[in-house]
1. Students often get this wrong, so check it: of A:482/A:519; A:103/A:541; A:19/A:135; A:98/A:118; A:19/A:136; A:27/A:135, which have C-alpha atoms separated by over 18 Å?
2. Apply the Debye scattering formula to chain A, with a single equal point scatterer on each alpha-carbon and no solvent, then give log10 I(q)/I(0) at q = 0.09 Å⁻¹.
3. Enter the Cα centre distance for the pair the range A:362-420 and the range A:857-902, rounded to the nearest angstrom.
4. Heads up, I need the accessible area for residue A:605: 1.4 angstrom probe, whole protein in place, Å², nearest 10.
5. Which net charge results for the neighbourhood of residue A:796, defined as the other residues with beta-carbon distances under 14 angstrom from its beta-carbon, given Lys and Arg at +1 and Asp and Glu at -1?
6. At 1.4 Å probe size, put A:144, A:892, A:253, A:880 in order of accessible surface, largest to smallest.
7. Angle, helix A:13-26 long axis vs. longest principal axis of chain A, Cα atoms, 0 to 90°, nearest 10?
8. Need the full-extension length gain, residue A:26 to residue A:353, defined as separation in residues times 0.36 nm minus the C-alpha distance. One decimal, nm.
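The values are calculated or read from the model by the stated rules, or taken from the named source; none is laboratory data. Computed from a predicted structure; not experimentally measured. Heads up, the Cβs are rebuilt from the backbone with ideal geometry, glycines too, and the neighbour counts pull from every protein chain shown. All accessible areas refer to the heavy atoms of the entire protein, side chains included, with ligands and DNA or RNA removed. Shrake-Rupley method; radii C 1.70, N 1.55, O 1.52, S 1.80 Å.
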Amino acid sequence: MRKDGELAKGYAPEAIEEKWYSIWIEKEFFNAEIDKSKPPFSIVIPPPNVTGSLHMGHAFNNTFQDILCRVRRMQGYSVLWLPGTDHAGIATQNVVEKDLASKGITRHELGRGAFVEKVWEWKKIYGDRIIQQMKKLGNSCDWRRERFTFDEGLSRAVREVFVRLYKKDLIYKGKYIINWCSRCHTALSDLEVEYDETPGKFYYVRYPFEDGVATEPFGDGIVVATTRPETILGDVAIAVHPRSERFKALIGRKVRVPLSADGGSGRVIPIIEDNMVDPEFGTGCVKITPAHDPNDFLVGLRHDLPQLQVIDENGFMNEEAGIYKGLSIKDARARSAEDLEKQGFLLRTEDMTHSVGHCHRCNTTVEPYLSEQWFVRAKPLAERGVKAVQDGLIRWVPEQWEKTYFQWMENIRDWCISRQLWWGHRIPAWTCGDCGHVTVSGTDPTQCESCKSQNIVQDEDVLDTWFSSALWPFSTMGWPEKTPELEYFYPTSLMVTGFDIIFFWVARMIMMGLEFMEKEPFKDVYIHSLIRDEHGQKMSKSQGNVIDPLDMIDKYGADALRMALAALSTQGRDILLSRGKIETYRFFMNKLWNAARFALMNLDDDPAKIDPACLRLQDRWILARVQEVVEQETRLIDEYDIGSAARLLYDFVWGDFCDWYLEMSKPALRGDEGEDRKRTAQGVLDEVFVTLLPLLHPFIPFVTEELWEAFGYNTGSALMVAAWPKPKGEYRFDVGRAMQDFQDTVRTLRNLRAEAHVSPQQWMGKAVIRAGRSERPEAQRPETAAALKETLPLVSMLCRVKEIDLSSTSAPRPSQCLSSVIGDGEICLQVGDVLDIDAELVRLKQELASVEKTVAASRSRLDKPDFVARAPQEVVEKERARVAEGQAQVLRLQENLKSLSR
RNA sequence: GGUUGGUUAGUUCAGAGGUAGAACGCUUCCUUGACACGGAAGAGGCCACAAGUUCGAUUCUUGUACCACCCACCA
């Protein structure tokens, strides 16, 4: 049953969005069922952090996935879109700590247990909030299956993976130099460090020879350039390049460290040779500080040097630093420089820039720090990951990202997975207080597996949050159990995410999926670009340039936001978003709404039928266009080209359908062309909407669902579960060219009118279309003449011309008219005394010049024998037709000029 | 140092080997029986630069410049 004329004049999203969302939930349309009669389609959502609220990046990412899920559902797939959230170790711990700090509490005052309780409380509030926000967007996730990376099932999966990797010797513990954030008080993986070019200083420091023997060309010591004089206290050697003639004589000699912990004379250290030294850089000699520099650490291992730590985990000088103890790194640097200078060891300083690592969560300078950590041996896992992509098991879209992935995977380094935090999966390893053996176990052990002692203590550390995210595609479906979900929905069909987490997440999911499921975690991985503000800046709270998706939904509706994000998306370029751009798509919603309103005002209760005999040019054209759109839309979606898919619908609805077809359908719908024509025009409207609404639904689910109901199409069920349209052969009419000519005619006539500044109130005159020049048969288009004849009343209506005649070009030309050539004919608009002869002469001359130019261009092409011989026949023909038509137009324009000048 | 992407209208961006498109902004006109969240007309571009391939390059290739991004190194 149609809602006859009940539609409000303007589209109001707030009234319908909530209503439809609860209906969809109530009817269980989002529920994924294991249905072997249908092909599966599955996506696991990139789980947002529980720390904050939904931002534009989430909205974009989710819109993309929802569009794909809704299309596949309509295409008959059994769709699983599995939602959830991430516990986000450091990020969440930081937020909660900050919150506590505002109340004057530290986590240490609370203790580990109570603190973790607090974080859980936080998670409950903010985790729920972000889920609510996803629902407002219209996400069609199966909410029954919502998971959390730190929930019971997933924690079990994490432990299982840890134990299995440990047993395979793919996880190990060791004392290595790692990235340390002294504020977060934890180790970081290489990926969690962001490097910035920072101004610094080179300190040129002299290390005197221990034996006091001066040696040319060095004098009584050698000079080393360093940016970190505070680490001199931790020096254990000086290294030079082995094949450097200049330094050869020095190898094996000893120097004295120019600073000491007690203020006296420094330790004696050897001069060694190592390939790591670049003889061209700095002074050609490097001080070796294994405990505070990653390269020096490796040199130290090669030469069996001691690891002397002088900086502690809080970023202060430690016991070993003696008189410097307690100074911050910054203060110690100044103080060492001062002392070196006083004692004549500092020769000079030099300004320079170098890149300095910062914690990507809190921006504190990251220190290389020596400590015991857990690592994943990444190489064997990465090799399988590379092979899977090479074998075509996983397809990257756009393809270029494959290269980025390979480069990283082929140079992968071991992954530091332990974090000195409280919020996260605790490492399932127990160290024996008696024998020192480490017991790693899936269930909490009561005794040491080696000596059976009960004196065992669990490792304090937790796992990197990405460790659990890496398991997301299968842990969410019940692994390590063999569940029906895994069997039916794994591997997932598609992963949708941003390029910023290819290494953090995508690569690691691939490695873990292959290792534990023996199958790739997803078949396609779509990498989208990032959302920025209208000036191309990253959106951030501190910059104040954040556009909150929830605000936008409140203001413009979820559909407008979704359509904007979809239509603005392009491959390989960031999306610059602004409120104005979203508003554009809000206007589109209103346009669609009003087109539907117009249709409903003109449709009767009983369905109209199309009588093929009553179809006119515009009907055939729009029906044929709809079939093309169905075809293209389906193809674009399959190619994940969501941007083009959205723009195609936008342009079709606004341009072809509203601007042209609806206007042209008005006389028939009014009944001006008889009852049969009215019924057929109604049938065409019906046909367009019944096809168009399903195509639009994945992008703008709310408004289309409302309209589907208003049109009465929802017999039995909702649009959300309607079938995806297929092109209909009976509507493939070949009328594109004729319609094009019709449109050109209308546009030209309107243009003439606008040029003459004649308003419709002032005057509705007569126009004559002169067409069909017999002496130029190659430039003739009989189908156009026929079509124009049929649609002449429409030309008159659209151009607001009272009277219109179609005549032959051999017929006499009307007097006192504006004219313009079109095709092989011309359009004359009789304007009577209003005609400004001088202005018209100028205009005609311009038109003549432009036609002559195109004719000349085509001619020069045709004059080249190579062109005629080598260009495809149809291109040559086109040029010939262009010349012929142009020549006809030149003649006509010359005639007109002559008759006007008289 | 290396990788990848970008350079098209005032702005933001599509685009395709065969005469350059949209949105927003701008100018003029129009409250016409769906829509002023609208309609009509218009102005506005050596498609960054250079060479090559081609009958033909804004489109393909290679360089150059500039802008982004990422990776590595930085004593």
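1. A:103/A:541
2. Taking Cα atoms of chain A as identical point scatterers yields -1.02.
3. So the separation of the two Cα centres works out to 62 Å.
4. Around 80 Å² of this residue is reachable by solvent.
5. In short, +1.
6. Per-residue accessible area, sorted high to low, gives A:144, A:880, A:253, A:892.
7. Helix A:13-26 and the main axis of chain A meet at about 70 degrees.
8. 111.6 nm is the gain from fully extending residue A:26 to residue A:353.
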